[in-house]
Amino acid sequence: MDEVTTIVFLHAHPDDESSQTSGSMARAAKEGHRVVVVYGTNGDHGEVPDDLAPGETLVDRRRKEAETSAAATGTQRVGWLDYQDSGMTGWEQNAHPASFHQADLDEAAGRLAQILDEEDAEILVGYDWHGGYGHPDHIKVHHVAHRAAELAKRRPRLLESTMNRDRMRMWADALKFDGEEGFDPDGPMDDGNPMGTPEAEIHWQVDVSDFIEQRRAAMQAHASQVTDIGMFMAMPPEVFAGAFGTEYYIEPGRPDGMVEGWFVDA
């Protein structure tokens, strides 16, 4: 590889990167690019594990887990915007003045822009308009990423991580194993909208099937979040590979049509 590209991935909580963009992170790192992950929140309203050490907080644990995940994907830097987790839609935490949801947009974007400037980043990855499934912090990631791209000294290419709703519909029934009910990607999510984005509105389909083990390791790093991570780890190998062997991205301003390719090389 002749040229190193610096890519900054903005995520809402520690563990979001593992299920959404860890394949692209591992692929970029393997190719010699510089990969940075930034978390909007400390994940302080996640599940509290039973094995916290004396004096250890959930935030301490989740920060350690984020570093372990970064090691699994080859991510070189872990950054934090240091806001509180806002919780799901309608939770009282939504209104907390220190929450990511309530953060002043320019202030939050300015914190991210500082990292973009320090890294001289060429690419910034955020979320689609409703954060994939409508979580307040995920929606905030979308707005903060767009504003930070405007504030950065070098305006980066901006991409939005999303889920392919049409593809999810195809394999949703495969998640009905061991007596577990599957899910309906067309049903209302946290904000009442369906999950992800229709395929017709997606620009990049990225093959990360060679990095399934790194994705699994990144998820396992976030073991404190038993409900989500446990569900993923319980998937049969072929289902896990089908669900996480491909990642999808929107690139605002790009002509319509989904390309099977690698956005870093574009």
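The values are calculated or read from the model by the stated rules, or taken from the named source; none is laboratory data. Worth saying up front: this structure is predicted, and the values here are computed from it rather than measured. A quick note on method: Cβ atoms are made from the backbone with ideal geometry, for glycine too, and the neighbour counts reach across all protein chains shown. Calculation scope for accessible area: heavy atoms of the full protein, side chains included, ligands and nucleic acids excluded. Shrake-Rupley method; radii C 1.70, N 1.55, O 1.52, S 1.80 Å.
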Residue among 69, 24, 18, 86 that alone is crowded, with 24+ Cβ neighbours inside 10 Å and in a loop (DSSP other than H, G, I, E, B): 86
Unmet requirement for residue 114, which otherwise passes all of (1) closer than 22 Å to residue 218 by Cβ; (2) open to solvent by 70 Å² or more (accessible area, probe 1.4 Å): (1)
How about region 151-266: which strands (runs of 3 or more DSSP E) wholly inside it have at least 1 residues that are without any contact (Cβ under 8 Å) to a residue 60 or more places away in the chain? 204-207
Residue check, residue 78 within 18 Å of the chain's Cα centre (by Cα), surrounded by 15 or more Cβ atoms within 10 Å (Cβ to Cβ) and either of a type in the set (D, E, K, R) or within 14 Å of residue 145 (Cβ to Cβ) (or both): no
Subset of region 205-225 [at pLDDT 95 or above and open to solvent by 10 Å² or more (accessible area, probe 1.4 Å)]: 205, 207, 209, 210, 211, 212, 213, 214, 216, 217, 220, 221
